[in-house]
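The values are calculated or read from the model by the stated rules, or taken from the named source; none is laboratory data. Values in this document were obtained by computation on a predicted structure and should not be read as measured data. As a convention, Cβ positions derive from the backbone with ideal geometry for all residues, glycine included, and neighbour counts pool all protein chains shown. Areas reflect the complete protein model, heavy atoms only, side chains present, ligands, DNA and RNA absent. Shrake-Rupley method; radii C 1.70, N 1.55, O 1.52, S 1.80 Å.
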Amino acid sequence: MAQKRAPLEYNRMWQIRAWLFAVFFFLYAPLVALIAFSFNDSKRTTVWRGFTLRYYEKLFGNESLLTAFANSLTIAFVATLISLVIGALAAVLLWRYRFMGRTVVEGAFTLPLVVPEICMGVAMLLFFTRVLPWPNNLIWPFNLGSIIIAHVSFCFPFVALVVGARLASFNKEQEEAARDLGANDWQAFRDVLLPHIHPALIAGGLLAFTLSLDDFVITFFTSGPDTVTFPVKVYSMLRFSVTPEVNAASTMLILLTIVLMVVMMAMQSRAQKKTKG
Amino acid sequence: MTAVDQKVDKGAKAPVKPIISFRNVSKRWGSTVGVDNVSLDIEPGEFFALLGPSGCGKTTLLRMLAGLEVPTEGTVLIDGEDMGDIPPNRRAVNMVFQSYAVFPHMTVADNVAYGLRIDRVAQPERDQRVQEALDLVQLGHLAARMPDQLSGGQRQRVALARALVKKPKVLLLDEPLSALDAKLREAMRFELSQLQQKVGITFIMVTHDQDEALAIACRIAVMNKGSIAQLGTPSDLYEFPASRFVADFIGSVNMFEAKLISDKPDEATVACPELEPHRVHVPHAVLGQETSSVWVAIRPEKMNLHKDAATPPAVPECPPAHNVAKGEIKDISYLGDISIFHVLLDSGRLIRISRANRSRWDQDSFVAGEKVWVSWGGTSPVVLQS
């Protein structure tokens, strides 16, 4: 006998369940198809002709794709580190001090979040060709400098946003208590404020890393012939045809993102458990 | 409000060097005045309370001692040393914050050890002092707990131990009991004064709760609008308030506007419009100008109820028909140990009278709606000039 539904138990309505299924289907079916066809033993991607790992072998033999992959990871790593420092400092600045033009600064920080990516890309292109020409004959990884700067410019506001939200729940008396117990400004920051924003730094870092790793539009405008990133490389492969090799490459990118997400979410929940209270 | 009742040391003791001195201290933020020209000495070993309504400057004064706030004018001395620009981390005082500010990411023991670790106290001594401090506040068995596994009362003990472990010259307490529930608050009052006697250092407490200040402190400074309204022992403040503000803020009081009719060296008579046709007699001089307007304050527990009669009850050592009023009991709040009677006087003024229920049938002796006489002894009223 079916029990009666309680007033707020929407999850037991069949309409809601159908809706939920539709949402998940349109979200994940394309991804599942992409991954499935990366194992398809055929030059064309549309017809299933049996299972193979051939395209993954080919992928790992593709020198330029691997270089692009290494570039992407390096850029994401460095850009994340720089974004964490700048973003966290920006958030602390806005949280701690009341100064003239504070709202203007706050708005300026969030500008990269709202400006269309294509505009950012064109702006970066102009900037690095006209205003600050980045020398293109530097050795690796210094030739990635312009891309890293471009990535930092749209990654650090996310870090600042996440850290700022976390700071709002900080009890300033804790910092005063540390000072009262003998800590100088730096020690109070290190021992009290930093542990508090630790989970936000992990979350912000995760956001920055995935944003940088996945970014195509802005990177496309700032990368040169020797500084191709993974998404840009996949795009250039696509221009000839959608081969299972592209599928395999995309699958690897998805996998990497998911693994990173899981690792960092685990770290975050552990850190949050530690600083709860 | 100039009548600050400076308590002079009785007996022949040599004057003690104050552990804390405020000298003409003011704090302003733009045009807002937080503290207005406060001078105050606190003696070593005292349990001192700064009492006042919110926004009276008491917390600012405390934070100036800790170095978390810098005075706009004047000097703050701790143990005779001008604190000037000395930052909080180099002052021999420690503070228990209102929110306790226990570090949530450290264990209880690490919280208490924090100040010692910053001071680079070496390992065996550090552990020993942490253990002593935790035992002092009866938390020895919880050293390995995280703060989120503690109750509010236990967290406060951590904050106490964390401050006391540094062996400060003065312990500052910012509203220490306000976050606890009523029963625990009562118990902690007693424990705080026990603790203060055990460690023997000066405690300075900020509170807005007059019961708390009266129960714990040796001396209290009542603050109002940035300055000290009165300084004295709890009974000084309660029985001899120097102003209407203090009389009103400490305990409850029936306050009557009055005119001074006669003022002799050993007796005075005042007339209160709300108590006419009867007058108030006090057996001492008021030292005001005759016909000047004054205020008469009478505590609820110092008034008596009498059954209705044709003539007013006689009050000892008072002229007949003085210190009495006629009225009707409007409402009785029975609180167990005492009952509070709300009596509507014939003049239309409502007053409070409290009466101890000393026998188990006392509460039946007066009923609501009954006509009564109210009386008070000659020494009960306080005549205030401001």
Going residue by residue through segment B:259-265, the Karplus relation 6.51 cos²θ - 1.76 cosθ + 1.60 with θ = phi - 60° gives ³J(HN,Hα) values, rounded to whole Hz and with x marking Gly or Pro, of 10, 7, 9, 9, 9, 10, x
Once the mean 1/r over all distinct Cα pairs of the protein assembly as shown is inverted, what Kirkwood radius in angstroms do you read off? 31.9
Please check: in the Gaussian network model of chain A (C-alpha springs, under 10 Å), which one of A:214, A:180, A:226 has the largest mean-square fluctuation. A:180
Using a 1.4 Å probe on protein heavy atoms only, how many Å² of accessible area do A and B hide from each other, summed over both chains and rounded to 100? 2000
Report the trypsin sites (Lys or Arg not before Pro) located in segment A:177-277 that are in a DSSP loop and have at most 11 other Cβ atoms inside 10 Å of their Cβ, or state none. A:239
Please give me, ordered by residue number, the trypsin sites (Lys or Arg not before Pro) of segment B:344-386 that lie in loop per DSSP and have at most 13 other Cβ atoms within 10 Å. B:358, B:360
Amide H neighbours of residue B:372 under 5 Å, at least 5 residues apart or on other chains, H built in the peptide plane: list them. B:327, B:328, B:329
Residue B:211 paired with residue B:17, simple spin-label distance in nm, labels 7 Å along Cα-to-beta-carbon: 4.1
Tally Lys/Arg at +1 and Asp/Glu at -1 over every other residue whose Cβ is under 15 Å from the Cβ of residue A:71; what's the total? -3
Gyration tensor (alpha-carbon) shape descriptor, chain A, a/c threshold 1.5: oblate
So for chain B, averaging the separation of alpha carbon pairs under 8 Å that are six or more residues apart and normalising by length, what relative contact order in percent results? 15
For residue B:279, which sequence-distant residues (separation of 5 or more, or a different chain) have an amide H within less than 5 Å of its own amide H, given hydrogens modelled in the peptide plane? B:323, B:324
How do B:342, A:151, B:284 rank by accessible surface area computed with a 1.4 Å probe, from largest to smallest? B:284, B:342, A:151
Would you mind calculating the relative contact order of segment A:57-276 from Cα pairs under 8 angstrom and at least 6 residues apart, reporting the percent as a whole number? 33
Rounded to the nearest 10 degrees, the helix B:152-164 long axis (Cα) sits at an angle to the longest Cα principal axis of chain B of 60
Let a ≥ b ≥ c be the square roots of the eigenvalues of the Cα gyration tensor of segment B:265-377; is it rounded (a/c under 1.5), or, if not, prolate (a/b larger than b/c) or oblate? prolate
Just to confirm my numbers, what's the Cα centroid distance between segment B:144-192 and segment A:34-74 in Å? 64
Taking 0.36 nm per residue of sequence separation and subtracting the Cα-Cα distance, how much length would be gained by fully extending the chain between residue B:36 and residue B:252, in nm to one decimal? 75.1 nm
Note on segment B:102-183: contact order normalised by length, alpha-carbon pairs under 8 Å, 6 or more apart, percent, works out to 40
Quote the FRET efficiency, to the nearest 0.05, computed for residue B:287 versus residue B:333 with a Förster distance R0 of 41 Å and r equal to the Cβ-Cβ distance. 0.65
Considering only DSSP beta bridges with both partners in the protein assembly as shown, what is the antiparallel share in %, to the nearest 5? 75
Amide proton proximity set for residue B:384, modelled H, under 5 Å, gap of 5+: B:295, B:296, B:297
Specify the angular offset, from 0 to 90 degrees and rounded to the nearest 10, of the alpha carbon long axis of helix B:182-199 from the longest principal axis of the alpha carbons in chain B. 60
Simple spin-label model, 7 Å along Cα-to-Cβ: residue A:26 to residue A:93 in nm? 4.2
Output wanted: per-residue J couplings in Hz (rounded whole) for segment B:370-382, from phi through Karplus 6.51 cos²θ - 1.76 cosθ + 1.60, θ = phi - 60°, x for Gly and Pro. 7, 7, 9, 9, 10, 9, 8, x, x, 8, 6, x, 10
Enter the angle in degrees (range 0 to 90, nearest 10) between the Cα long axis of helix B:123-136 and the first principal axis of the Cα atoms of chain B, meaning the one along which they spread out most. 20
What are the ³J(HN,Hα) couplings of segment B:336-352, residue after residue, when phi is run through the Karplus curve with 6.51, -1.76, 1.60 and θ = phi - 60°? Round to Hz, x for glycine and proline. x, 6, 10, 10, 10, 9, 9, 10, 8, 6, 4, 6, x, 8, 9, 10, 10
Using DSSP to define loop residues, name the GluC sites (Glu not before Pro) in segment B:232-324 whose beta-carbon has at most 15 other beta-carbon atoms within 10 Å. B:290, B:317
Between residue B:29 and residue A:255, the two model label points (7 Å from Cα along the beta-carbon direction) sit apart by a distance in nm of 5.8
For chain A, with a Gaussian network of springs between Cα atoms less than 10 Å apart, report the residue from A:68, A:200, A:18 with the top mean-square fluctuation. A:18
Enter the accessible area per residue of segment A:57-276 (Å², integer; probe 1.4 Å; all protein chains in place). 51
Please give the per residue accessible area of segment B:261-374, computed with a probe of 1.4 Å over protein heavy atoms only, in Å². 54
Per-pair calculated FRET efficiency, R0 = 30 Å: residue A:263 and residue A:104 via Cβ, rounded to 0.05: 0.20
Using alpha carbon centers only, segment B:14-47 is separated from segment A:94-166 by a whole-angstrom value of 51
So what's the back-of-envelope 222 nm ellipticity for chain B, counting only DSSP H runs of four-plus at -39500 (n - 2.57) apiece and dividing by all residues, rounded to 500? -6500 deg cm²/dmol
Using a Gaussian network for chain B with springs between C-alpha atoms less than 10 Å apart, which of these wobbles most: B:173, B:344, B:134? B:344
State which helices in chain A qualify, where a helix is a whole DSSP H run, it must extend 15 Å or more along its own axis by its Cα atoms, and its mean Kyte-Doolittle hydropathy must be at least -1.0. A:14-37, A:63-96, A:102-114, A:145-167, A:194-214, A:244-275
At a probe radius of 1.4 Å, what is the per-residue accessible area of residue B:255, in Å² to the nearest 10? 30
